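Data block below; observations after.
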């Protein structure tokens with residue numbers, strides 16, 4: 001059954017695919033801008049704490065469910081159900097995950113399209129095609145609409161090819177290139193005036209801000225969004241994983257790769273903000289707050305690159321190539337979730353499902369483009385700060401309270417002999433059934449009432 005559904009050919013392929021899903025704009029755009037807006041090092045400290053104390057256990061829950069059931073999120077949770085009520089809840093959670101990931105992809109494709117456009121702007125600038133470069137750099141509905149179509153076409157192409165020939169093949173090609181580009185850019189930025197001040201802001205925490213409810217909510221949302229949790233992405237990737245793999249080890253490697261990449265992205269972006277300031281670029285908005293969100297990537301950094309002359313054009317090309325790769329490796333994992341559900345539930349041809357679902361998401365993206373000021377931030381907040389952690393709560397409940405614990409242990413033992421004696425098994429079951437749900441609910445209480 002697993003072979004017919006598709007399966008990753010190696011641990012490296014799985015790690016590149018899952019890391020590609022986790023390592024995306026959530027790390028390069030989302031994490032640094034959240035850090036910049038929430039006290040730099042204070043946010044970094046809180047994010048790392050929540051990533052390993054809440055996001056990693058939730059990640060393990062999805063991977064274990066996925067490999068055990070060999071199914072999409074809806075079917076998987078229905079399989080774990082023990083009665084009609086839990087079956088209905090499982091169906092609802094699975095479908096809510098499909099809706100959430102589709103909405104995330106709808107706004108994500110807009111940002112991914114921006115990255116493609118800015119990469120082309122850098123290329124045309126180097127070639128001296130000033131009119132074309134200006135068009136690519138100008139924020140306008142026609143440009144944004146065109147590149148949503150381009151970005152989604154690339155995403156659909158990869159997902160249509162399947163697990164090994166599409167997702168794994170392209171992830172193993174793109175992820176190493178992503179890491180190399182990031183490291184080269186970090187080394188270059190460190191040589192520029194202002195970078196030291198940025199490093200200080202990023203690495204020296206103001207612990208008085210750690211208890212801020214807004215910071216905690218943002219850090220939790222970032223941890224879940226960055227690891228693609230709560231929407232079935234890691235569950236479906238887990239369902240393509242060989243039974244011989246050690247799940248706790250593999251899951252910890254994914255978490256460390258993701259958090260490590262977030263940290264590296266901060267080492268690039270936050271020093272770059274202060275380099276921009278040293279170059280006379282305005283890094284504060286009209287209210288006096290530090291520029292964050294999409295404005296950081298598509299306004300502040302291009303201004304920095306422009307101030308650097310010809311070298312800036314080369315750096316811009318490398319940076320936006322990095323952003324395009326990061327965007328694409330994540331978007332293919334998002335589209336895979338509803339595509340896998342459709343293929344398995346309705347016995348639809350994969351390429352047809354990818355085209356139909358991808359086209360539907362594209363239409364929603366275009367609606368966001370035409371109503372950007374009123375809808376974009378709303379959809380981002382709804383999905384990443386509210387929906388993802390709440391869905392992660394239900395995944396934890398299913399594994400901790402509904403699924404038989406002996407069955408969970410048997411699944412772990414397939415690739416991890418002696419799992420029952422491990423430190424992971426001594427801690428994780430209690431953690432996923434009690435600590436994670438209570439912690440997520442506590443954050444929601446702060447979010448709603450404070």
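The values are calculated or read from the model by the stated rules, or taken from the named source; none is laboratory data. Quantities reported herein were computed from a predicted structural model and do not represent experimental measurements. Every residue, glycine as well, gets a Cβ built from its backbone with ideal geometry; the counts of neighbours run over all protein chains shown.
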State yes or no: is residue 335 within 28 Å of residue 147 (Cα to Cα), modelled with pLDDT under 85 and surrounded by 23 or more Cβ atoms within 10 Å (Cβ to Cβ)?
no
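Conditions (1) out of contact with any strand residue (DSSP E or B) (no Cβ under 7 Å at 6 or more places or on another chain); (2) surrounded by 21 or more Cβ atoms within 10 Å (Cβ to Cβ); (3) closer than 22 Å to residue 438 by Cα; (4) touching a residue at least 60 places away in the same chain (Cβ under 8 Å), marked per residue:
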site	(1), (2), (3), (4)
355	yes, no, no, yes
361	yes, yes, no, yes
364	yes, no, no, yes
368	yes, yes, no, yes
373	yes, no, no, no
376	yes, no, no, yes
380	yes, yes, no, yes
388	yes, yes, yes, yes
391	yes, yes, yes, yes
Only one of 440, 402 is touching a helix residue (DSSP H, G or I) at 6+ places or on another chain (Cβ under 8 Å), within 21 Å of residue 232 (Cα to Cα) and modelled with pLDDT under 90, namely 440
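Would you call residue 37 at pLDDT below 75 and closer than 22 Å to residue 168 by Cβ?
Against the criterion (at pLDDT below 75 and closer than 22 Å to residue 168 by Cβ), residue 37 does not qualify.
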Just checking, how many residues over region 120-161 are over 19 Å from residue 361 (Cα atoms) and touching a residue at least 24 places away in the same chain (Cβ under 8 Å)?
7
Considering region 72-88 alone, what residues qualify as being out of contact with any helix residue (DSSP H, G or I) (no Cβ under 8 Å at 6 or more places or on another chain) and not in a helix (DSSP H, G or I)?
83
Criterion (part of a helix (DSSP H, G or I), modelled with pLDDT of 90 or more, crowded, with 20+ Cβ neighbours inside 10 Å and in contact with a helix residue (DSSP H, G or I) (Cβ under 7 Å, 6 or more places away or on another chain)) met by exactly one of 54, 44, 105, 59
105
Spot the failing condition for residue 201; the list is (1) under 30 Å from residue 277 (Cα atoms); (2) surrounded by fewer than 18 Cβ atoms within 10 Å (Cβ to Cβ), and only one is missed.
(2)
Would you tally the residues in region 183-231 being over 28 Å from residue 99 (Cβ atoms) and at pLDDT below 75?
8
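Answer yes or no as to whether residue 167 is closer than 25 Å to residue 355 by Cβ, surrounded by 18 or more Cβ atoms within 10 Å (Cβ to Cβ) and modelled with pLDDT under 90. Steps first, please.
Values: closer than 25 Å to residue 355 by Cβ: yes; surrounded by 18 or more Cβ atoms within 10 Å (Cβ to Cβ): yes; modelled with pLDDT under 90: yes.
Yes.
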Consider residue 152 carefully, then state whether it is touching a helix residue (DSSP H, G or I) at 6+ places or on another chain (Cβ under 7 Å), modelled with pLDDT under 95, closer than 29 Å to residue 388 by Cβ and surrounded by 19 or more Cβ atoms within 10 Å (Cβ to Cβ).
no
Any residue in region 294-304 that is surrounded by fewer than 24 Cβ atoms within 10 Å (Cβ to Cβ), at pLDDT below 85, within 17 Å of residue 104 (Cβ to Cβ) and out of contact with any strand residue (DSSP E or B) (no Cβ under 6 Å at 6 or more places or on another chain)?
yes
